[in-house]
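Working notes, structure below.
Nothing in this text is a laboratory measurement; each read-out follows from the coordinates by a stated rule. All values derive from a computational prediction rather than experimental measurement. Note that each Cβ is placed from the backbone with ideal geometry, even for glycine, and that neighbours are counted across all protein chains shown.
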Amino acid sequence: MQLNDVNQLAFAIDKGLASVYLVAGDEPLQQGEAVDLIRKKARAEGFLNREVLHVEGRFDWGQLLGASLTQSLLAEKNLIELNLPTGKPGRDGSQAIEKVVSDSSGDNLLIIIAGKLDKSSKKTKWFKAIDKHGLVLSVWPLKYNELLSWLKQRLQRKGLSVDRQGVQLLANSVEGNLLAAAQEVEKLHALHGSANLSVDDIADAVADNARYDVFKLMDSVLAGHSQRAVQILKSLRGEKLAVPILIWALTRDLRIVAGLSFEKSTTGRMLATFNRQKPPISWDSKKKQYIQALSRGSLSQWHSLLRACVKVERMTKGVEVGNEWLLIEQICLAFCEPKRLRKNALVG
């Protein structure tokens, strides 16, 4: 069964848990909240023995097969989470997933958390097995009108009433970043409690943001202004900006630059990569920034920085030990000057 709307997930879960869920997409907040919803329902139904697997490098797919065969001594059922960032498990992974899904018993619940899936992935046997035995949820970045509705619902859940003009002002301030939007809603609730907010209330809150916000950081990084980038980053850290917001912004722009680099090397053009992106900002004004950044590095260097972003994400989840802010600073500096990036300096 396939869903294309996060709001449908709660209704589907209320009818009963499936044996496998695939939550795929490139919008981190909606994806994370969807997985949390499944986890909560799973815990309530006795899936207390949780195992988390991350597919990276030469992953041993025997770990997934082994986890599905593990029986808890306390008779707790197994919740297995498989993180598949690329959305492409390869031949061995495809066979392992297909087997686990097809042989699934009531003692196992599998959640696969994947990146955006392309058309070819949806034709594979492993995807079709999940579609047959479980539920597939595709998570998409919100269009502008969808963002307005999402913000309005988010505000209402906090007891905040805002007219359309106020919601539009808030939407424009976050530029499509749902992590930043959620943070703004929390801040408004902390400032006003449950209240009817005016446009002036929203404007004051937006104006009270950090002097240097994450979008100014990315403008500096794309322009190669390393000293200013470090200065802004220190300000953001001092204001306790959530690390996932920074990783969202860095990963987004790195993927765009990497896509441009790949397209330019294979076709000599860059139009397709630009056309695939639909951020709610003035796109023409950003093209020059991305092309400027592209000229400084190679495809392998952009991929290395993307792997470093994954490493930061693992640190924030407690999967890997390290100083995430120090690594973010190194990523920003290498983004500004990728030719100085030493091999494996960030991800080794």
Charge dipole of the chain about the Cα centre (unit charges at C-beta), most positive-ward option of F11, I245, F127: F127
Lysine pairs meeting the criterion (Cα under 18 Å, 8 or more apart or interchain), as found in segment 2-139: 23
Reported label for calculated volume of the Cα convex hull per residue in Å³ given (1) 153; (2) 127; (3) 135: (1)
Gain upon complete extension [H133, R164; 0.36 nm per residue less C-alpha separation]: 7.0 nm
Computed FRET value (nearest 0.05) for Q63 with Q227, which takes r as the C-beta separation and R₀ as 30 Å: 0.10
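Would you mind calculating the relative contact order of the chain from Cα pairs under 8 angstrom and at least 6 residues apart, reporting the percent as a whole number?
Values: 454 pairs, mean separation 54.0, N = 348.
With pairs under 8 Å counted, the relative contact order is 16 percent.
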Under 15 Å from K234, Cα to Cα: aspartates and glutamates that are on another chain or at least 8 residues apart: D213, E324, E329
The chain: most fluctuating residue of S120, S105, S235 per GNM, C-alpha cutoff 10 Å: S120
Alpha-carbon centroids, segment 288-311 and segment 167-204: separation in whole Å: 32
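Rounded to the nearest 0.05, what FRET efficiency is calculated for Q292 and A10 with R0 set to 51 Å and r the Cβ-Cβ distance? Don't jump to the answer; show the numbers that get you there.
Numbers: r = 44 Å, r/R0 = 0.86.
According to the calculation, E is roughly 0.70.
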